[in-house]
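Report on the structure given below.
The values are calculated or read from the model by the stated rules, or taken from the named source; none is laboratory data. None of the values given here were measured: they were computed from a predicted structure. Note that each Cβ is placed from the backbone with ideal geometry, even for glycine, and that neighbours are counted across all protein chains shown. Each accessible area value is taken on the protein alone, full model and side chains, heavy atoms only, with ligands, DNA and RNA left out. Shrake-Rupley method; radii C 1.70, N 1.55, O 1.52, S 1.80 Å.
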Amino acid sequence: RDLAQRDGSKALAQLASRMASVVRYGAMSGEDPFGKVKTMISSMIAKLEEAAGKEADQKAYCDKEMADTAAKKETKSADVSALVVKIDSASAKAATLKQELAELSKEIAEMDTARAEYTKLRQEEHATYSKNAPELKAGIEAVKQAITTLRDYYSAEKENAGAAGGIISMLEVAEADFSKGLAEMEASEATAAADYEKASKQYEITKAMKE
């Protein structure tokens, strides 16, 4: 009873009560009660040992699970730390790429603007050439015809051959100047067209790289 009260054990309290009943019954009947009491005590001890074993097994299981959980938690914590480092690195890289993207977009816009201005200038140059070159060619042909006509005319008029020679010489100088101007105009147009073509290809390559 003292042990039951000290430990607060209902099982021991019930055992003490049953033992008292057996002893009282034995005293009344004249039978030896201690055989039954020993059996009751042995049975209680076996139950207590079984319960203690289960508690020990449960504690061992819990200790193992706690140790495993602690190890897993430590591993997961290390994984989380590694992931945080990766996230920070990726975030920094993303910020850098975002800045580079903005710079590239700005550069592409500036290239497009410069290309549009260059194209407009080239079109104006070509339009000027397309207008002036035919006129200059027509002028050269007109001068050539004038020279031919004068030569034919004054070849028959021997008297004014000297004056005709001066006029023809002036026309020949004009023809040479016109031809030189036409050659320079055509060379300039060819150079401008080649430069524009080269710049266009470079523009396309650079823009593709930036995109």
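Has region 148-161 got at least one residue that is within 25 Å of residue 132 (Cα to Cα) and modelled with pLDDT under 95? Step through it out loud before you land on a result.
Pass one, region 148-161, residues within 25 Å of residue 132 (Cα to Cα): 148.
With modelled with pLDDT under 95 added as a condition, the list becomes 148.
Yes, the conditions are met somewhere in region 148-161.
Given the structure, is residue 184 among the acidic types (Asp, Glu), modelled with pLDDT of 95 or more and open to solvent by 70 Å² or more (accessible area, probe 1.4 Å)? For residue 184, the condition - among the acidic types (Asp, Glu), modelled with pLDDT of 95 or more and open to solvent by 70 Å² or more (accessible area, probe 1.4 Å) - is met. When residue 61 is tested against the conditions (1) without any contact (Cβ under 8 Å) to a residue 60 or more places away in the chain; (2) closer than 30 Å to residue 209 by Cβ; (3) among the aromatic types (Phe, Trp, Tyr), the lone failure is (2). Residue 39 meets each of the listed conditions (1) hydroxyl-bearing (Ser, Thr, Tyr); (2) open to solvent by 70 Å² or more (accessible area, probe 1.4 Å); (3) within 30 Å of residue 209 (Cα to Cα) apart from (3).
Residue 113 satisfies every condition listed in (1) open to solvent by 60 Å² or more (accessible area, probe 1.4 Å); (2) farther than 30 Å from residue 192 by Cβ; (3) hydroxyl-bearing (Ser, Thr, Tyr) except (2).
Residues are listed down the side, and each one gets a yes or a no for (1) within 29 Å of residue 11 (Cβ to Cβ); (2) open to solvent by 70 Å² or more (accessible area, probe 1.4 Å); (3) assigned to a helix (DSSP H, G or I):
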{"position": "49", "(1), (2), (3)": "yes, yes, yes"}
{"position": "54", "(1), (2), (3)": "yes, yes, yes"}
{"position": "68", "(1), (2), (3)": "no, no, yes"}
{"position": "71", "(1), (2), (3)": "no, no, yes"}
{"position": "77", "(1), (2), (3)": "no, no, yes"}
{"position": "86", "(1), (2), (3)": "no, yes, yes"}
{"position": "90", "(1), (2), (3)": "no, no, yes"}
{"position": "95", "(1), (2), (3)": "no, no, yes"}
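Condition check: hydrophobic (A, V, I, L, M, F, W, C), at pLDDT 95 or above and open to solvent by 70 Å² or more (accessible area, probe 1.4 Å). Does residue 121 satisfy that? Yes. State yes or no: is residue 172 assigned to a helix (DSSP H, G or I), touching a residue at least 40 places away in the same chain (Cβ under 8 Å), open to solvent by 60 Å² or more (accessible area, probe 1.4 Å) and farther than 30 Å from residue 209 by Cβ? Judged against the criteria, residue 172 is not a match.
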